[in-house]
Amino acid sequence: MIRDLRSYFAFLEQQGDLDRVTSPVGLLEIPTGMAEQEKKGKAVIFENIKGYEYPVCNNIFGKREFLAGLFQCSREEVAREFKKRSENGIEPVIVESGPVQEVVFTGDEVDIEKFPFVIHCAKDAGRFITAGMVIARDPETGIRNCSINRMQLKGPRKTGLRMSPTQDLEAYYRKAVARNLPLEIAAVVGNHPFDLLAAASGPPRDVDELAIAGGLRQEPVELVRCRTIDLEVPARAELVIEGYINPGELEEEGPFGDFMEFYVPAMKNHVFHINAITMRKKPIIQVIKAGSIDDTTLLSTPREAQLYKVLKDNNVNLNAINMSVGKNYLTCVISIEKQIENEAKNILLAAFGSFKFLKNCIVVDHDVDVFDPADVWWALSTRLRADTGVMVIPNT
Ligand SMILES: Cc1cc2nc3c(=O)[nH]c(=O)nc-3n(C[C@H](O)[C@H](O)[C@H](O)COP(=O)(O)O)c2cc1C
């Protein structure tokens, strides 16, 4: 049973899918090491980082097979499993204690800079926390939300925090501003992979992502109460940063190399003040590069499940969906057993209707492997007549 990030690593290690780098590595060398691991398709733990006490991990979704292993199904069935399990959410439970509070730093003991968060791109403004699941509570309804947000380190007890205007977290923040109250948040690093997938899934605003995580795990997520704020966090995570965002406080944040492989410029973003850090004795610090396979998997897998539902509800004979074929989540390939002529037209429109950021969608026959870009190109080369087979939707 995979109960946390560590047992997930044990599972990967058993099948030869985890490398441990024990030789000393400088923090600036980590991004190159991460890129190499992505090519190898293996997860990695850098165990010995010069000048830092704690290890760094990356590439936890290094191959599609890792997801299949997590869900105990085939690559093709991941979307179905995600949909089924996330529709059957399981509410989290609160427990008295957990490993994530083995060590507690408060007040002046807090120093987020001693953790090995990395500079991912040469022109990034600094070191960023990129795999942090941010937990907050709606100031009006009390409903919990989880999302992933980048946080630029800005001092021992302070980071920047980027939230997009359409995010639930931003909606919560606006409600806090209306009440002139700080918004308490907890940023959780070193999560169970299912918790991170749930946080990236973007369900309706009144759905608690930790219940989705419970559904994905098929058991309730155990939570412990934070030490300094009124929130709960997964008991078996690696590290928790407790703090708050002040209403109206904005500061320059960025630039940051983002998932489409260009820099988002410096802009005014929120400020996260840190009250406390709680952690395991030797926390494993997860880092994610924007646009990497970890990032793409987190963003595309929940959207594949969403599209799976729409297509199945319309009786499409669906074989498989891959929304990470373009090394981001903007292009989707769907394989089907065609039932009627022109069926692809409806499938394409359903895909664009179900996901607002989709830019390209390709429908192929079931004999094409949607997980192999070369096979998709083969289908485009041999089976597509562009004058009749391409549909253009404006402003995608
Ligand atoms: C690695 C990673 C980093 C992300 N960073 C940010 C970010 O800095 N700001 C943001 O608004 N969304 C970011 N996202 C996207 C949101 O986490 C995602 O859209 C989430 O579903 C939003 O949650 P919500 O349902 O609470 O709105 C990131 C996603 C991933 C996978």
Test for THR159: is it at pLDDT 95 or above, open to solvent by less than 30 Å² (accessible area, probe 1.4 Å) and either among the hydroxyl-bearing types (Ser, Thr, Tyr) or outside the structural domain of ARG227 (by TED's automatic domain parsing) (or both): yes
Qualifying residue in the stretch 218-241 (condition: farther than 23 Å from ASN191 by Cα and at pLDDT 95 or above): no
Test: residue in the stretch 234-241 that is surrounded by fewer than 16 Cβ atoms within 10 Å (Cβ to Cβ) and in the same structural domain as ALA187 (by TED's automatic domain parsing): no
Qualifying residue in the stretch 103-116 (condition: at pLDDT 95 or above, within 16 Å of the ligand (Cβ to nearest atom) and not small (Gly, Ala, Ser)): no
Complete set of residues in the stretch 359-390 that are assigned to a helix (DSSP H, G or I), exposed (fewer than 13 other Cβ atoms within 10 Å of the Cβ) and β-branched (Val, Ile, Thr): THR382, THR388
Filter result (near the ligand (Cβ under 8 Å from one of its atoms) and either in a loop (DSSP other than H, G, I, E, B) or open to solvent by less than 20 Å² (accessible area, probe 1.4 Å) (or both)) within the stretch 135-150: ASN145, CYS146, SER147, ASN149, ARG150
Residue check, ILE49 touching a residue at least 12 places away in the same chain (Cβ under 8 Å), more than 21 Å from the chain's Cα centre (by Cα) and buried (at least 19 other Cβ atoms within 10 Å of the Cβ): yes
Residues of the stretch 89-120 that turn out to be surrounded by fewer than 18 Cβ atoms within 10 Å (Cβ to Cβ) and within 20 Å of the chain's Cα centre (by Cα), as a count: 1
Count - residues of the stretch 261-314 that are among the basic types (Lys, Arg) and surrounded by fewer than 19 Cβ atoms within 10 Å (Cβ to Cβ): 5
Complete set of residues in the stretch 248-261 that are at pLDDT 95 or above and out of contact with any Lys or Arg (no Cβ under 8 Å at 6 or more places or on another chain): GLY248, GLU249, ASP258
Count of the stretch 286-300 residues which are out of contact with any Cys (no Cβ under 7 Å at 6 or more places or on another chain) and either more than 10 Å from the ligand (Cβ to nearest atom) or in a strand (DSSP E or B) (or both): 1
Options ASN322, ASN342, ASN328, ASN395; residue that is buried (at least 18 other Cβ atoms within 10 Å of the Cβ), at pLDDT below 95 and out of contact with any His (no Cβ under 8 Å at 6 or more places or on another chain): ASN328
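Every residue, every condition in (1) surrounded by 18 or more Cβ atoms within 10 Å (Cβ to Cβ); (2) more than 17 Å from the chain's Cα centre (by Cα), yes or no:
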{"site": "LEU169", "(1), (2)": "yes, no"}
{"site": "ARG174", "(1), (2)": "no, yes"}
{"site": "VAL177", "(1), (2)": "no, yes"}
{"site": "GLU184", "(1), (2)": "yes, yes"}
{"site": "ALA187", "(1), (2)": "yes, no"}
{"site": "PRO193", "(1), (2)": "yes, no"}
{"site": "ALA199", "(1), (2)": "yes, no"}
Which numbered condition GLY155 fails, given (1) part of a loop (DSSP other than H, G, I, E, B); (2) on the phi < 0 side of the Ramachandran plot; (3) of a type in the set (Gly, Ala, Ser): (2)
So GLU109, is it of a type in the set (Asp, Glu) and within 23 Å of ILE30 (Cβ to Cβ): no
Where a residue in the stretch 163-178 is within 19 Å of LYS356 (Cα to Cα) and free of Cβ contacts under 8 Å to residues at least 60 places away in the same chain and its partner, wherever it lies, is open to solvent by 20 Å² or more (accessible area, probe 1.4 Å) and within 6 Å of the ligand (Cβ to nearest atom), with Cβ under 9 Å and at least six apart: GLN167/GLY202; ASP168/GLY202; GLU170/SER164
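The values are calculated or read from the model by the stated rules, or taken from the named source; none is laboratory data. Treat the numbers as computed from the prediction; the structure is a model and nothing was measured. No Cβ is skipped: glycine too gets one built from the backbone with ideal geometry, and neighbour counts run over all protein chains shown. Just the protein is used for accessible areas: all its heavy atoms, side chains included, with ligands, DNA and RNA removed. Shrake-Rupley method; radii C 1.70, N 1.55, O 1.52, S 1.80 Å.
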